[in-house]
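*Asks:* The structure that follows is given in the form of structure tokens.
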Amino acid sequence: APLAPTSTHPEFIAYEITGRPTASSVTVNVVPAVSMTIFYEYGIATGAYTLQTEPQSATANTPLETLIGGLQADTRYYYRINYNGATGEERTFVTQRAPGSTFTFGIQGDSHPERTKNQFDPNLYTRTLLSAAADQLDFYMTIGDDFSVDTLKDVNPETVRGIYINQRQWLGLVGTPVFLVNGNHEQASLANLDGTPENVAVWAQTARNAYF
């Protein structure tokens, strides 16, 4: 499958992506390509980072999650990653809206990055995700068939993980908390469970938990 533009960055396998937003917190996940020290600077005005998280040691090729807590509800925050003295691009998220207020979200489905010859256009997908990012959405959802595990010729933990890393590199472009929903191509259904950890449904869910 083609890799997203973020995969060419020498210091990251996948840029930061947010998830699990609440009224007072958000979780940030990043996948470094090399070992580094990471912290996040953040604030309620663009370019004004008045707060920061505690520095964390990140291991190469291993997702690192950071909880940013103590936030104000119904508030847009701006943040950037700081790694080994360098800084990333500014990104944004909004904490849980007040009940009854309006919000904006995006939905995608059937992206199928493996179908480059008859369905998937990498340039169009990039434009779509960047367009969504420009709208500063409250959250973004996938609704299935975005991680096509069933197309793998050799299904094992490593090949399944590769599917999730690849899509993670794309979805990092959307710049907002992401929620995943399984489709049939994800092969993560209850019917695949056999009481052991050595089956495709467990491998798929383990990869989802690690990279999203």
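The values are calculated or read from the model by the stated rules, or taken from the named source; none is laboratory data. Values in this document were obtained by computation on a predicted structure and should not be read as measured data. Counting neighbours? That spans all protein chains shown, and the Cβs are built from the backbone with ideal geometry, glycine included. Ligands, DNA and RNA are excluded from the accessible area calculation, which covers all protein heavy atoms including side chains. Shrake-Rupley method; radii C 1.70, N 1.55, O 1.52, S 1.80 Å.
*Asks:* Helix 122-134 versus the longest principal axis of the chain: what is the Cα-based angle in degrees, 0 to 90, to the nearest 10?
*Replies:* In the chain, helix 122-134 runs at an angle near 30 degrees to the longest axis.
*Asks:* Given a 1.4 Å probe, how much area per residue of segment 97-200 is accessible, in Å²?
*Replies:* Computed with neighbouring chains in place, this is 53 Å² per residue.
*Asks:* I've got another one for you. Under a Cβ-only charge scheme (Lys and Arg +1, Asp and Glu -1), can you give me the dipole magnitude of the chain about the Cα centre, in debye to the nearest 20?
*Replies:* That gives a dipole near 280 debye.
*Asks:* Would you kindly find the accessible area of Asp194, with a 1.4 Å probe and non-protein molecules such as ligands, DNA and RNA excluded, rounding to the nearest 10 Å²?
*Replies:* Taking all protein chains as shown, Asp194 has close to 90 Å².
*Asks:* I'd like the orientation of helix 157-171 relative to the chain: the angle between its Cα long axis and the longest Cα principal axis, in ° from 0 to 90, rounded to 10.
*Replies:* 40
*Asks:* Here is a follow-up. Taking the chain as a Gaussian network, where each spring joins two C-alpha atoms under 10 Å apart, which residue of Glu11, Glu41, Glu54 fluctuates the most?
*Replies:* Glu54
*Asks:* Hey, another quick one. Roughly how many Å² of Glu158 are accessible to a 1.4 Å probe, to the nearest 10?
*Replies:* So the heavy atoms of Glu158 present about 120 Å² to solvent.
*Asks:* To the nearest 10 degrees, how steep is helix 200-211 against the longest Cα principal axis of the chain, on a 0 to 90 scale?
*Replies:* 20
*Asks:* Then there is this: Could you pull the accessible area for Ser101 with a 1.4 Å probe, rounded to 10 Å²?
*Replies:* About 50 Å², ignoring ligands and nucleic acids.
*Asks:* I need the Kirkwood Rh of segment 91-138: take the reciprocal of the average 1/r across all distinct C-alpha pairs and report it in angstrom.
*Replies:* When all Cα pairs of segment 91-138 are included, the Kirkwood radius is 12.9 Å.
*Asks:* Answer rounded, prolate or oblate for segment 97-212, using the Cα gyration tensor with square roots of eigenvalues a ≥ b ≥ c: rounded when a/c is under 1.5, else prolate when a/b is larger than b/c, else oblate.
*Replies:* The shape class here is oblate.
*Asks:* Give me the distance between the Cα centres of segment 179-204 and segment 57-131, rounded to whole Å.
*Replies:* Going from one Cα centre to the other spans 24 Å.
*Asks:* Counting only protein chains, not ligands or nucleic acids, how are His112, His185 ordered by accessible area (probe 1.4 Å), most first?
*Replies:* Heavy-atom accessible area, descending, gives His185, His112.
*Asks:* Give me the base-10 log of I(q)/I(0) for segment 148-191 at each q in 0.23 Å⁻¹, Debye formula, one uniform scatterer per Cα, rounded to two decimals.
*Replies:* Summing over Cα pairs of segment 148-191 leads to -0.90.
*Asks:* Could I get the Rg over Rh figure for the chain? Both from C-alpha atoms, Rh via Kirkwood, rounded to two places.
*Replies:* 0.97
*Asks:* Once you've got the GNM for the chain with C-alpha springs shorter than 10 Å, pick whichever of Gly100, Gly144, Gly175 has the biggest mean-square fluctuation.
*Replies:* Its mean-square fluctuation being the largest, the pick is Gly100.
*Asks:* Hey, another quick one. Build a GNM of the chain with springs between Cα atoms under 10 Å: which of Thr87, Thr27, Thr176 gets the top mean-square fluctuation?
*Replies:* Top of the fluctuation ranking is Thr87.
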